[in-house]
Structure formats: C-alpha cells, structure tokens
Amino acid sequence: MVTKAFLDKPTLIVGAGNSATGKTTHLLELARVLSDSFWIDKDTIEDTFLTKMDHTSDDILRYTSNLGVLSRKRSHHLEHVELQSYLLMLKEAKNNLVLGKHPILDGNYVRELQQDYFDKIIIPLFKDVNCNIKIIYFYAPEHIVKQRIIDRAEARDNDKLASEESWNNFLKKEPLLIHNLEKLPHLLVDSTKPIEENIKKIILFLKE
C-alpha cells in the first residue's frame, strides 16, 4: 500500500496518453494518496456540457434534467465544448495552484502535445504562478489497449473499432507514444505493471 505523499511546491500534474492506457485508474489512485491534490476529468466536463437540459421549466429540478447527450461528432462539440473543456481544466488548475493545491488533469493530450501544447499553451498560462509542471504519460501495448476499448464498450469508441482501417487511422492521429515526448518534463508509465509500483514511481518523479 502506498502511504500518503506530500509535495513541497504546488504542482500541475498533466495526465496524458491515449484511450484505455490506464490514465484514469492511475490518476484516481494518485489523487487518493497525494495530499492537497484533486482530480479534474475532461470526460466529465465534456459529457456535462453535451447534456441536453430542460430550459423551458422554472422547476428547480431543471438543474439535474437530462434530455440526452449530444454526440461528440457533432459541430456543437467542436465549436462549443472541446477546446473550452481543455481551457476550463487549465483555468481551474491555475486557480487552485495559487492556493497551494496540486491539480491532476485527466485528459488525453496526445494530439495537443505533438503540436507544442506544453510550450505554446501551458507554459504561457502558468508563467506567473510559482509551481512545478509535470507530465505523466501512460501507455500500454496496442493489443491490450484495443482489448480494453472493446471490453469497456463505450459509444464514443465505436468509430475506432469500426474496421481495421479506422483503427489504424485512429492510431495514426493519436499514437500510443508520441515523437516529441523526450523534450518534455515527463514520466513514462507502463500501465500493465502493478499500479502500486507505478504510483510509487510517480510520487518520486513529482518530488524531483
């Protein structure tokens, strides 16, 4: 069992990696053992913003109404949700770093990190905050990732699994390991290894 861990300096923890690479499982455990940390999940934010709600009623229950969820493939998602969700995560992280907390961002960031997201977006946004910034990049062998996606059977993965061609196109856009990772302040985590072993490595990395 991993004991409670403490960091001396506020730290932005960016959890990155492709679908089904074990990010959320590990980041939730990290949030449990790392004092003054909290988990910010992109899927929760996106799914909430894509939920159709009842704006025609004055009943207080309209705040929890659910009239279905818009597809992530629709233009509404691309125009009003995707980029805004990523930005919201960073802004809330910044608010809490100032308070001495350690926000743990559970996103994907595969495409973003390949487009200099770290240097062009993250660094400028946090330049006035006294904090460390660390990337934890999760991966697993392709056959394991594919089987995990099949097993979880989520609608958002249907396009990936539609054919061998669609699977290969998905990996071409979002490879399991990205080409420019070595230049970033990162720890590479193999999610097929025991989670307790991985969490201990992550804690040591965060303390560096």
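Data overview
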{"read-out": "Test for V2: is it touching a helix residue (DSSP H, G or I) at 6+ places or on another chain (Cβ under 6 Å), farther than 28 Å from A155 by Cα and not polar (S, T, N, Q)", "value": "yes"}
{"read-out": "Residue in the stretch 135-149 that is β-branched (V, I, T), touching a Pro at 6+ places or on another chain (Cβ under 9 Å) and closer than 28 Å to K120 by Cα present", "value": "yes"}
{"read-out": "Residues (surrounded by fewer than 15 Cβ atoms within 10 Å (Cβ to Cβ) and polar (S, T, N, Q)) located in the stretch 3-17", "value": "T3"}
{"read-out": "Lone unmet requirement of (1) surrounded by 14 or more Cβ atoms within 10 Å (Cβ to Cβ); (2) at negative phi; (3) of a type in the set (A, V, I, L, M, F, W, C) for A20", "value": "(2)"}
{"read-out": "E29 vs. criteria acidic (D, E), in contact with a helix residue (DSSP H, G or I) (Cβ under 7 Å, 6 or more places away or on another chain) and either assigned to a helix (DSSP H, G or I) or loosely packed, with under 13 Cβ neighbours inside 10 Å (or both)", "value": "yes"}
{"read-out": "Residues located in the stretch 127-176, provided they are surrounded by 14 or more Cβ atoms within 10 Å (Cβ to Cβ) and of a type in the set (G, A, S)", "value": "A140"}
{"read-out": "Some residue of the stretch 38-48 being outside any helix (DSSP H, G or I), in contact (Cβ under 8 Å) with a residue 60 or more places away in the chain and closer than 20 Å to E174 by Cβ", "value": "yes"}
{"read-out": "Among residues of the stretch 177-196, those that are more than 24 Å from Q115 (Cα to Cα), loosely packed, with under 15 Cβ neighbours inside 10 Å and in contact (Cβ under 8 Å) with a residue 12 or more places away in the chain, counted", "value": "2"}
{"read-out": "Those residues of the stretch 49-86 which are part of a loop (DSSP other than H, G, I, E, B), among the charged types (D, E, K, R) and at pLDDT 90 or above, in sequence order", "value": "K52, D54, D58, D59"}
{"read-out": "Matching residues in the stretch 91-115 - criterion: being surrounded by 16 or more Cβ atoms within 10 Å (Cβ to Cβ) and β-branched (V, I, T)", "value": "I104, V110"}
{"read-out": "Per-region count, the stretch 36-58, residues of a type in the set (V, I, T) and surrounded by fewer than 17 Cβ atoms within 10 Å (Cβ to Cβ)", "value": "4"}
{"read-out": "Per-region count, the stretch 26-46, residues under 16 Å from the mean Cα position of the chain (by Cα) and over 14 Å from M89 (Cβ atoms)", "value": "6"}
{"read-out": "Spans of helices (runs of 4 or more DSSP H) in the stretch 100-208 with at least 1 residues at pLDDT below 95", "value": "110-114, 142-152, 158-161, 164-173"}
{"read-out": "Options V14, V2; residue that is of a type in the set (V, I, T) and assigned to a strand (DSSP E or B)", "value": "V14"}
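Yes/no per residue for (1) surrounded by 13 or more Cβ atoms within 10 Å (Cβ to Cβ); (2) touching an Asp or Glu at 6+ places or on another chain (Cβ under 8 Å); (3) within 23 Å of I13 (Cβ to Cβ):
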| site | (1), (2), (3) |
| --- | --- |
| Y63 | no, no, no |
| N66 | no, no, no |
| K73 | no, yes, no |
| V81 | yes, yes, no |
| M89 | yes, no, yes |
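The values are calculated or read from the model by the stated rules, or taken from the named source; none is laboratory data. Please read all numbers here as calculations on a predicted model, not as lab measurements. Using ideal geometry, Cβ is built from the backbone for each residue, glycine included, and neighbour counts are taken over all protein chains shown.
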